[in-house]
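A.B. asks: This is the structure I have questions about; it appears just below.
The values are calculated or read from the model by the stated rules, or taken from the named source; none is laboratory data. All of these numbers come straight from a predicted model, not from anything done at the bench. Here the Cβ positions follow ideal geometry from the backbone for every residue, glycine too, while neighbour counts run over all protein chains shown. To get the accessible areas, we keep the full protein, side chains included, count just its heavy atoms, and leave off ligands, DNA and RNA. Shrake-Rupley method; radii C 1.70, N 1.55, O 1.52, S 1.80 Å.
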Amino acid sequence: MEGTEKKILFSAVQPSGAVTIGNYIGAIRNFVGLQEDYNCFYAVADLHAITVKQEAAVLRKNTLSLMALFIACGIDPAKSILFVQSHVPAHCELTWVLNTITYPGELSRMTQFKDKSAKHAENVNMGLMDYPVLMASDILLYQTALVPVGADQKQHLELSRDLAMRFNNRYGQTFEVPEPYILKGNGARIMSLADPSRKMSKSDENPNAFITMTDDRDTIIRKCKRAVTDSGNEVRCSEDKPGVSNLIAIYNAFTGNTNEQTEREFEGKGYGDFKLAVGEAVADALAPIQSEQARLLKDKAYLDSVMKEGAGKAFRAARRTLSKVYRKVGFYSGE
Ligand code: AQP
């Protein structure tokens, strides 16, 4: 892969819970196609995950499951660099340097910080506030040109761009300034099944608010049937029908339909039929991924080897940027 002209692309997912179909639709599923056209770095962002309380054993399990899920979804370790964030210390090292050019006001203004501080009022820590600087480090370390993220991460990516430009202005050209790669259409932001005004999140304390990638068929169908819908019974995508519109977005993501095709398919049918069809479409699409993930999880030696190889490659790429940064800021490295 090295030495080619392909642009570099970075993205990561936190092992902060069981991965949801929101993470899949907004992020992971797009990673697969991108690996043909870009040099991709995909990380399991465990350093980010501990900004909210995690149980050690669960975090370890989620890390392994997410690595297996990446591969089960079609990310090929021979084409992309797959690694665990904490295995590459340069992420923390660059964060320290970038912290020195970041203003507290920029971080306290971030929507995610405000949301998560409200949600985890008992644990508002510096890591939660510094999350976007760690994310900037993830991205800038690899001279990333493109970052495929859900629309919710756009604000953080803006900060990564600002920090890259700020550092380049102060110390001379060092970082590529990354661009977002945001999925067009309504698939970019999947909303909670319990409250369609909020995004679907894996750390939601209501398990009926999300569908995980490992939920079984019956659970998926039950969650779809219980999903909050709107008054009326017409399957139509519109702003005054956020619950139904969200289910249409999910249905389309797994069937390849357009809004019009789905509306036509369910013309004259009620919400009951529609919700069942959504549940079945999701369950059908997840079944092969789930069996492949389960198979991979039985082969820990293979998963460990993928992580080790990925971390080695990421380490070398990150080190090149970090050495440059250390030189620019004036760290003495010996003769
Ligand atoms: N609901 C969503 N719809 C579309 N895309 C989404 N993403 C997250 N939720 C949705 C995208 O998934 C990628 C990985 O996200 P993450 O795990 O790094 O963090 P997150 O955005 O904070 O995801 P969650 O599920 O909401 O996690 P918690 O609950 O731990 O905060 C990102 O590209 C994100 O845009």
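A.B. asks: What do you reckon, is GLU106 more than 16 Å from the ligand (Cβ to nearest atom), open to solvent by less than 30 Å² (accessible area, probe 1.4 Å) and either over 28 Å from LYS328 (Cα atoms) or charged (D, E, K, R) (or both)?
C.D. replies: Criteria met by GLU106.
A.B. asks: Tell me which residues, restricted to segment 221-244, are touching a helix residue (DSSP H, G or I) at 6+ places or on another chain (Cβ under 7 Å) and open to solvent by 20 Å² or more (accessible area, probe 1.4 Å).
C.D. replies: Listed by number, the residues that qualify are ILE221, LYS225, ARG226, VAL228, THR229, ASP230, ASN233, ARG236, CYS237, SER238.
A.B. asks: Let me ask something else about it. With the structure loaded, tell me whether LEU163 is of a type in the set (A, V, I, L, M), within 14 Å of the ligand (Cβ to nearest atom) and in contact (Cβ under 8 Å) with a residue 12 or more places away in the chain or whether it fails that test.
C.D. replies: no
A.B. asks: Consider ALA249 carefully, then state whether it is within 22 Å of the chain's Cα centre (by Cα), assigned to a helix (DSSP H, G or I) and touching a residue at least 12 places away in the same chain (Cβ under 8 Å).
C.D. replies: yes
A.B. asks: Here's another thing I want to ask about it. May I ask you to list the residues in segment 38-58 that are of a type in the set (A, V, I, L, M, F, W, C), without any contact (Cβ under 8 Å) to a residue 60 or more places away in the chain, open to solvent by less than 30 Å² (accessible area, probe 1.4 Å) and more than 11 Å from the ligand (Cβ to nearest atom)?
C.D. replies: Residue satisfying the conditions is CYS40 alone.
A.B. asks: Here are GLU205, GLU176: which of them is more than 30 Å from GLY330 (Cα to Cα) and open to solvent by 30 Å² or more (accessible area, probe 1.4 Å)?
C.D. replies: Only one candidate qualifies: GLU205.
A.B. asks: Are any residues in segment 87-126 in a helix (DSSP H, G or I) and within 18 Å of the chain's Cα centre (by Cα), and if so, which ones?
C.D. replies: HIS91, THR111, GLN112, PHE113, ASP115, LYS116
A.B. asks: If you don't mind, another one. Return yes or no: is ASP115 in contact with a Lys or Arg (Cβ under 8 Å, 6 or more places away or on another chain) and either more than 16 Å from the ligand (Cβ to nearest atom) or open to solvent by 50 Å² or more (accessible area, probe 1.4 Å) (or both)?
C.D. replies: no
A.B. asks: State all residues of segment 140-181 that are modelled with pLDDT of 95 or more, out of contact with any Ser or Thr (no Cβ under 8 Å at 6 or more places or on another chain) and in a loop (DSSP other than H, G, I, E, B); if no residue qualifies, say none.
C.D. replies: Those that are modelled with pLDDT of 95 or more, out of contact with any Ser or Thr (no Cβ under 8 Å at 6 or more places or on another chain) and in a loop (DSSP other than H, G, I, E, B): THR144, ALA145, GLY172, GLN173, VAL177.
A.B. asks: Of these, ARG198, ARG189, which one is at negative phi, within 16 Å of the ligand (Cβ to nearest atom), surrounded by fewer than 21 Cβ atoms within 10 Å (Cβ to Cβ) and at pLDDT 90 or above? Show your work before the answer.
C.D. replies: Working: ARG189 fails: at pLDDT 90 or above.
Unique residue meeting the criteria: ARG198.
A.B. asks: Counting just the residues of segment 26-37 that are out of contact with any Pro (no Cβ under 8 Å at 6 or more places or on another chain) and open to solvent by less than 20 Å² (accessible area, probe 1.4 Å), which one comes out farthest from the ligand (Cβ to nearest atom)?
C.D. replies: GLN35
A.B. asks: Cβ-Cβ below 6 Å, separation at least six or inter-chain, first residue in segment 231-243 and farther than 10 Å from PHE274 by Cβ, second of a type in the set (D, E, K, R): which pairs?
C.D. replies: Here the result reads ARG236/GLU263; LYS241/ASP230; GLY243/ASP230, each pair linking segment 231-243 to a residue that is of a type in the set (D, E, K, R).
A.B. asks: Return yes or no: is ASN23 more than 7 Å from the ligand (Cβ to nearest atom) and touching a strand residue (DSSP E or B) at 6+ places or on another chain (Cβ under 9 Å)?
C.D. replies: Taking the combined requirement at face value, the residue does not satisfy it.
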